[in-house]
Amino acid sequence: MFTFSLTLVRHGETQYNREKLLQGQGVDTLLSETGVQQGEAVGQYLKDITFNKVFVSNLRRAVQTAELILRSNTHCSGMEMILEPLLRERGFGIAEGRHKEDLKNMANAAGQSCRDYTPPGGETLDQVKLRFKKFLKVLFKQMLDEHSSSEPEASSAEPAAGGAAAPDVPPGCSASGGLWGVPVHALVVSHGAYIRVAIQHLVEDFNCALPAGVKISQLFSRCPNTGVSRFILTLSQAESGPVLSAARCVFTNRKDHLENLIAAE
């Protein structure tokens, strides 16, 4: 058994985000001025966490955000990030570069909800989920191959079962929430639609223990730019390779680090 933390961060704001235009995979823009400030803010928020691996979508808005996070980090500012195409945003086909209202109109015309609708040439939610499952295989193998010897002998590193809280830092908005007794930490910087699919897969398909008092709708809410989510995952080795044997959601879509930026606007 081997336990590690997985911290998911959405990229900072781009001008397309500000103007409510769809980017997907075909529009590869850099961060706006606000997005850079958000990246710096989340970097300060996460600065004291020693990330052992950093996986990043190879789209520029995610890479730039990861660079800002690592630049602020006390322990791994010189770490080399791993650019991973499996973490790219959901493809929106012909809707990329167009206003989100256009996507809503397409979905309405097809008699579907906007979230479930797939525009021509785009990826279905199941296809995005398959990409995330492929990424998890890559992640699990690297975690076990490179860090399983870091697992402490005490059982305190295992996630709490049934949603009960494991011993932890005091409740609140601490960036180290959920990390008590966990020896290895992975950071993933990706995209809003992709992260929503990833969270839903972890929560619904792995009998994931949930934070006390949190509604499912809150867990699956829209991830803000540089929103932070965290899971504690426990792996075991099977004949077919590493498998996820236990999962705990610590929080999703946290944005406390943005409060000062929002107040300044």
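Within the stretch 99-109, the presence of a residue that is touching a residue at least 12 places away in the same chain (Cβ under 8 Å) and part of a loop (DSSP other than H, G, I, E, B) is excluded.
Looking at the stretch 77-103, which of the residues that are surrounded by 14 or more Cβ atoms within 10 Å (Cβ to Cβ) and among the charged types (D, E, K, R) is farthest from Gln64 (Cα to Cα)? Filtering the stretch 77-103 for residues that are surrounded by 14 or more Cβ atoms within 10 Å (Cβ to Cβ) and among the charged types (D, E, K, R), the one farthest from Gln64 (Cα to Cα) comes out as Asp102. In the stretch 57-74, the residues that are of a type in the set (Asp, Glu) and modelled with pLDDT of 95 or more reach residues that are outside any helix (DSSP H, G or I) and crowded, with 18+ Cβ neighbours inside 10 Å with C-beta atoms within less than 9 angstrom, at least six apart or across chains, in these pairs: Glu67/Val56; Glu67/Met81.
Among residues of the stretch 254-265 that are surrounded by 10 or more Cβ atoms within 10 Å (Cβ to Cβ), those with a Cβ under 6 angstrom from a residue that is assigned to a loop (DSSP other than H, G, I, E, B) and at pLDDT below 90, sequence gap 6+ or separate chain, pair up as Asp256/Cys173.
Scan the stretch 214-241 for residues that are of a type in the set (Ser, Thr, Tyr) and part of a strand (DSSP E or B) and report the count.
Matching residues across the stretch 214-241 total 3.
Counting only residues that are at pLDDT 95 or above and out of contact with any helix residue (DSSP H, G or I) (no Cβ under 6 Å at 6 or more places or on another chain), the stretch 207-228 holds 3 of them.
Out of the residues in the stretch 187-213 meeting the condition of being in a loop (DSSP other than H, G, I, E, B) and touching a residue at least 12 places away in the same chain (Cβ under 8 Å), tell me which one is surrounded by the fewest Cβ atoms within 10 Å (Cβ to Cβ).
Selected residue: Ala212.
Phe51 meets the conditions (1) crowded, with 22+ Cβ neighbours inside 10 Å; (2) within 22 Å of Phe231 (Cβ to Cβ); (3) of a type in the set (A, V, I, L, M, F, W, C) in every case but one. The failed one is (1).
The values are calculated or read from the model by the stated rules, or taken from the named source; none is laboratory data. Since the structure is predicted, the reported quantities are computational estimates derived from the model, not experimental observations. Positions of Cβ are generated from backbone atoms using ideal geometry, with glycine treated the same way; all protein chains shown enter the neighbour counts.
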